[in-house]
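The values are calculated or read from the model by the stated rules, or taken from the named source; none is laboratory data. Since the model is a prediction, treat every value here as computed from it, not as a measurement. Backbone-built Cβ (ideal geometry, glycine too); neighbour counts: all protein chains shown. Surface areas here come from the heavy atoms of the whole protein model, side chains and all, with no ligands, DNA or RNA. Shrake-Rupley method; radii C 1.70, N 1.55, O 1.52, S 1.80 Å.
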Amino acid sequence: MKQFKKWRGFLILAFLIWAVLEGLLLFHQNWTSVVYLLIPALLFFVFLYGFLRDLNTYGVKTELDISRVLGKDAKEALSFGDVGILTYNNEYIVTWASPFFSEKGIDLVNKKMTSWIEEIRDLFDDDVDLITGRDGQRVYEITRKSDAQLLFVKDVTELSTLRNEVDEQRVVIGLAQLDNYMEYQSYENEELMAHINTQLRSPIVAWAQDNGILIRRLRSDRFILVMNQKVFQSVKEANFSILQIIKDKANSIGVSITLSMSFAYGTNDFKLLDSTINELIELAQSRGGDQAAIKDVNGSVQYIGGNSELSSTRSKVRVRILAQSLQQAIKECNAVYIAGHIMTDFDCMGACLSLSNWVNSLRKKVYIVLEDVPRDKQLQEVMEYYRVALEQRHVFITPDRAMQMIDRNKDLLLMLDHGIPSISSAKEFVDECQRIIVIDHHRRNDHFVHNAILTYVESTASSTCELIVEMLQNIPNHVPIFEAEATIMYLGILVDTNRFKMHTDARTFEAAAVLNTWGANVKLAEKALCEDFTHFTLKHHLIQQAKPFHQEFMIVCEEQEVVDKTLLAQVSDSLLLIKGCRASFTIARTLDAGHPTSCSARSDGSFNVQKIMEKLHGGGHFSAAASSTMDYGPRAFYDQLVTILEEEIKNEGNIA
């Protein structure tokens, strides 16, 4: 023990003196004196050996009464509060324990504190004042007195048990809605609807009853669910198996119906829970349905499921109503400001130009807030080609100029091809605007703008330009679309569908055909997408670096080259041509300011890459998504991506 080291020198000195005396007596042959000195010395060393052996075995037991340490009143207070005290030395070995521990059968004296509860280490290694640890069935709260070698220990087992019971009984409110059910109800016969009700609605009720969930039908396609936190955690751990059950049942009867669910908890304010679950169910459906959206009202949204792409619910009637609502909003405002997203692409620019023509046809002031905003290189070349014509028909202003000019209460802000303020060219003032309309084809997430007066988000559409072409065909007045605008809109559809290879349906081809009749220069569009030799060789260099992952994914991680974002998308598109590849991911630093690490993700429609990118702080579509970050490099991004893919594969296996 360290506190006894100071006595070592005295013992050695005493032994040397004794040895010298013995030597002198032997030299003078004084045998009687030698014996008298030898016997006490031997006895002393025998007792010393025993003492040191016990000291080494048992250590130092400081048997102090707690009243001598803190006083009688403190002793009684700690005893009443069921609080224990430990003292320890510089080696974190317990030197004394109050009776609290012996009463509970805990022997800690002369033992490392961490041998009892490992979490005690955090009190010294981390900047924490209080830790909670478990010893067998008991739970303890432990705190450290910073200016002394003291630990205070409180048995909180009963409190912890009660807290867990209260947490398990917290109310969770949910909604379950059958996606596309109303479409079938509107157009199908009674026989099929009876079959749908039997095969799809009944399993939802049975699932709820089997899990102890209160369920009530609100309308033909929607149910309200009430449960406690314990039941909710149980069905959540099962990945909401009812999602897969409904999908399988729907496939067996040949209908495109899936199930969307929303759950909210974390408060006793039922009005807040009600508004939250309604917002979440809309969010889940706008993201494609077939998933559960979950939110603690004090936290962020979590998604489970979403493994199939939603069928289009875009009826001609709905398009006409939205087009008329948008036109009415334009007529009622003083001026219109059209915002796109940063790194503007063909789809975003085509949508902005066509809406500018629409507003001009209604004789309202309109400004496109995309001047000096970073844009795609190929887009810039086309814009330069049509520069004179575009400058005659459109007014481009900078975001700073727009922020000075816009009337936050009366003017209309159109957010096109995006709905997230952080990537908007109007991000500096979007939160202050009272009149906002969003038209987008990307799936929504919880960062979506909150104060929009009209939202048209259709994730089944190939592009925003496709949506606008349909709207322009459903208004009574004529909106002139010239060659420049039609060509850029056509390019928007062409690029977003990878030349009509993905994310297309009959309406996509119809929109392209309409643009052709409006004057789109198809030959120029094809030439605009041609690659130069350097770009071509770099693309194939990246493709050669692709590595298979689980035999169904292809991943490229480029750590040296700094490339254009468009190239990342092209590489991912090319990798999908490999047989058996469900999804591809291309990671590299890009030419944006600061050279952030970016990832472009593509899928063949059987895997949701949007969910993967959202976990990496990105977003996009079911089959086309992306992410960008300044926080880490390509290799660290790759490591996180692989971890998320492993988790997703495991979850898919659990659902199956």
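Just to confirm my numbers, what's the Cα centroid distance between the range 361-378 and the range 221-274 in Å? Taking the Cα centre of the range 221-274 as reference, the centre of the range 361-378 is 42 Å away.
The calculated FRET efficiency for ARG582 paired with SER160, based on their beta-carbon distance and R0 = 60 Å, is about 0.85. Cross-link reach is defined here as a Cα-Cα straight distance under 20 Å, omitting same-chain residues fewer than 8 places apart; for LYS104 the lysines meeting it are LYS61, LYS75, LYS112, LYS154. Counting only protein heavy atoms and a probe of 1.4 Å, the accessible surface of the range 461-595 is 56% carbon and sulfur. A simple count of charges around ALA486, restricted to other residues whose Cβ falls under 14 Å of its Cβ and scoring Lys, Arg +1 and Asp, Glu -1, yields -2.
Coupling constants for the range 132-146 follow from the phi torsions by the Karplus curve (6.51 cos²θ - 1.76 cosθ + 1.60, θ = phi - 60°), and in residue order they are 10, x, 10, 10, x, 8, 9, 10, 10, 9, 10, 10, 10, 7, 5 Hz; glycine and proline get x. Packing-based ranking of 276-282, 566-572 yields 566-572, 276-282, ordered from highest to lowest mean Cβ neighbour count within 10 Å.
Rounded to the nearest 10 square angstrom, CYS333 shows an accessible area of 0 square angstrom against a 1.4 Å probe. Spatial offset of the range 140-184 relative to the range 438-490 amounts to 45 Å, using the alpha carbon center of each.
Sorting MET403, MET261 on solvent-accessible area from highest to lowest, probe radius 1.4 Å, gives MET403, MET261. Amide H contacts for HIS418 (H built 1.01 Å from N in the peptide plane; partners 5 or more residues away or on another chain; cut-off under 5 Å): ILE439. Between LYS230 and SER275, the C-beta separation translates, for a Förster distance of 22 Å, into a calculated FRET efficiency of about 0.35. Dividing the C-alpha radius of gyration of the chain by 2.2 N^0.38 Å, with N its residue count, gives 1.42. Helical runs assigned H by DSSP (4 residues or longer) give the chain a calculated mean residue ellipticity at 222 nm of -13500 deg cm²/dmol, each run adding -39500 (n - 2.57) before division by the residue total.
Stretching the chain fully between ILE475 and GLN640 yields a gain of 54.6 nm (0.36 nm per residue, less the alpha carbon separation). Most tightly packed first, judged by the mean number of other beta-carbon atoms within 10 Å of their residues, the peptides 334-343, 242-251 read 334-343, 242-251.
Our estimate of slack between MET405 and GLU191, defined as 0.36 nm per intervening residue step minus the Cα-Cα distance, is 71.1 nm. If you sort the three axes of the alpha carbon gyration tensor as a ≥ b ≥ c, you get a/c of 1.5 or more for the range 392-454 and a/b above b/c, which makes it prolate.
Would you work out if the range 248-361 is rounded, prolate or oblate? Take a ≥ b ≥ c from the square roots of the eigenvalues of the alpha-carbon gyration tensor; rounded if a/c is under 1.5, else prolate when a/b is larger than b/c, oblate otherwise. Prolate shape, in that a/c is at least 1.5 and a/b is the bigger ratio. Taking every protein chain into account, the accessible area of the chain amounts to 50 square angstrom per residue (probe 1.4 Å).
On the beta carbon distance between GLN199 and ASP147, with R0 = 56 Å, the FRET formula returns roughly 0.20. Across the cross-link table entries LYS249/LYS271; LYS236/LYS615; LYS565/LYS615; LYS364/LYS410, which are compared at the Cα atoms, the separations over 23 Å belong to LYS249/LYS271.
Ranked by solvent-accessible area (1.4 Å probe, protein heavy atoms only, all chains present), the residues LYS316, LYS271 order from largest to smallest as LYS271, LYS316.
With 0.36 nm allotted per residue and the present C-alpha distance subtracted, the PHE536-GLU428 stretch has 35.1 nm of extension available. Packing-based ranking of 290-302, 408-420 yields 408-420, 290-302, ordered from highest to lowest mean Cβ neighbour count within 10 Å.
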